[in-house]
Amino acid sequence: MKDRKREYNYKSVNGLMASNIIEYIYQGGREPETIRALIENLLNYVRARKDCADFRAAYLVRSLCEYEKELGPELYNEILTELLTFPYDDCGGHSMCTWTENHRLYTAGNELLISEKHPDAVFADGKDGRYHCAHAVENLERGFAHMLKYGFCEWGSNNYYAETMAGLANIVQFAKNESVRKSAKTALYMLVYDILSQTVYNNGYMYNPCCARAYVDNKTSSTHGNYLEPQIREMLGEKMLLFKDKEGCMIDLLHAKDEQGNPLFEIPESMLRLPSEGAKETLLKEGINIDDYGKEGFAEYSHGNVRYAFMAGAISDHRVIAHNIRYLCETGLIDDGMLKDLKPFGKPFLYKTGILKFIKRFVPIGFDGVSMEEGNIYTYTDRNYSVSAAYDYRVGQVLYQQNPLALNLSHDISLFATLPFHEMGKTGSPGYWIGSAAASRAAAYRNFAACIFDVKHARFGLKKTHLFFPTGLFDETDLSQLSEGILMGTVSGVNVCVRTNPGVHFVPAKESLEKDVALYQDEKIPAGLYNFEYDLINEKKGFHFYVFEVDNTMDFPEFKELMKKRKLIFDEKRGAVDYSFYSACLEYKGGFFIDGMEYKPKFKRLHEIFEEKYPELLR
């Protein structure tokens, strides 16, 4: 797991280092000065109304609900005063994102717990806790109705699932409203199943399937990007003492008891065995299909209906943008920093006449790919690796933070390919490593995976794709056939062979270290970590393909001999790849075939799986 020593500034009573209030008190720390210093860190961030201030507010809410005695009356009231002034409904004048799934859950959850605890308190809008309790319940019930029906909009995110898990854990542990608490508990069980069913172990726990939201640290390795590992380890019986605030909420819940001394949240043994079950396929359908917006009865304009699309990040999708822009203008959110690019479209004659819906298709401004939408997620897990693909996901369209194909070979190495939205040297998302200027057609079957890009959809003349392949982290690599588009590597007992268009080449390590600011933005990945070639460039005209075969049954020399026998044929006219392993065939605009038969997995919603396997958790 990531070495977080540099993040710890305080020492608890048992000698361990702590960086946050949940971790410090969980370890047994009770020093008032340290508690105040840790709380002040959260308060200052919340007061500034920075992006993700609602996350920090959730940790303050947990402190009020669980650590009242440790805080003391003066600090308790200071926190409460700040939380009563927090904006629990969408409004402008700040830089916070308030719309996506995890933010909705945090904000409404915070409002519920504070108003339940202090029903007579007067909030900044002049309304009391009873009003805000009803307001929070309404928002949560709407959100849970979608979540329990569709699964998670931010499916597969080893980053944002940590926030969703924390928000759910707070409600399960502290909410008094039985209906809301029950829905949150069911949703949390579904999230745990999602995570554990796609988790494997190789020098650390890896949950990194294809996903609707990922940053570069999440995509490159579990070492630096899996923010669920402490929770996974605690769920599976380890005792964690070092963790971040968001990770600590779930860890706290796993040890919480009701008044009779029974666990508040107990994971079934069959679920806990999922990571160690060996070779298996997991087939999930998750997220909201924006095409169903009208079918669900949300086509008419209202603030509540707009939020349905917002949970999937569908801010500027042409199908819903007219209502969305109207909502942003009415709430003032259009003045927020993240949405300022949309302000030129904030004209009533555009969104009331329907013109905006038409012209938005042709006016890309960087938000076109933000809509996460429904994904059909195939994940094959074996004892020490996983292969995951989102079938037919937004093929040819812009991806904002989505990642439709992921291969996890070890705790240190995950592989993925993108069509860059920007050239190396720029940050943001979509960008060089995050998202994609055009999504590939991706598919997987057991230990085989493939994706095909049509680079005619590239932006700004960037007619290239690239693969993340960190040569220096493998135990051994074979790049002798690189000019033919074949490269192989082995790490911690897992072998991989990658086949792509002939003529590919690596960006020199020196150039990557000098120019690749996107990889090192926000310092989530230590500067200079990849002091070797890792960025494989494909600049061929036409279609680009990447074919992967993974193995954990033979040594590397034996694997390389087997790879010599494999045959690959690529049809450039129709953009189709045929590979002798499984007689697999993937067509960019056609089907995916295994042994001559079109392979059509039956993807299921989480509630369907629970109706079959865990009906008792739905009651």
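Can you report the number of residues in segment 527-543 which are in contact with a Gly (Cβ under 9 Å, 6 or more places away or on another chain) and part of a strand (DSSP E or B)? Here the count works out to 2.
Suppose we keep only residues that are outside any helix (DSSP H, G or I) and not charged (D, E, K, R) within segment 102-139. Which one would you say is surrounded by the most Cβ atoms within 10 Å (Cβ to Cβ)? The selected residue is F123.
Close contacts from segment 303-329, counting a first residue that is under 13 Å from E101 (Cα atoms) and a second that is outside any loop (DSSP other than H, G, I, E, B) and of a type in the set (A, V, I, L, M), with Cβ to Cβ under 6 Å and a gap of 6+ residues or different chains, come to A314/I290. Consider A58 carefully, then state whether it is assigned to a helix (DSSP H, G or I), touching a residue at least 60 places away in the same chain (Cβ under 8 Å) and small (G, A, S). Spelling it out, A58 is indeed assigned to a helix (DSSP H, G or I), touching a residue at least 60 places away in the same chain (Cβ under 8 Å) and small (G, A, S). For segment 518-546, a residue qualifies if it is aliphatic (A, V, I, L, M) and surrounded by 14 or more Cβ atoms within 10 Å (Cβ to Cβ), and the qualifying residues are A518, L519, I525, L529, L536, I537.
Considering A48, A58, A37, the condition of being assigned by TED's automatic domain parsing to the domain that holds K246, crowded, with 20+ Cβ neighbours inside 10 Å and of a type in the set (G, A, S) is satisfied by A58 alone.
Annotation note: Cβ proximity below 8 Å between a residue of segment 338-350 that is within 23 Å of Y400 (Cβ to Cβ) and a residue that is basic (K, R) (sequence gap 6+ or interchain) occurs for F345/K360.
Of the residues in segment 33-46, at least one is of a type in the set (D, E, K, R), in contact with a helix residue (DSSP H, G or I) (Cβ under 7 Å, 6 or more places away or on another chain) and at pLDDT 95 or above. Number of residues in segment 476-511 that are free of Cβ contacts under 8 Å to residues at least 24 places away in the same chain and among the polar types (S, T, N, Q): the value is 4.
The values are calculated or read from the model by the stated rules, or taken from the named source; none is laboratory data. Keep in mind the model is a prediction, meaning the values are calculated, not measured. Methodologically, a virtual Cβ is constructed for each residue, glycine included, from the backbone with ideal geometry; neighbour enumeration extends over all protein chains shown.
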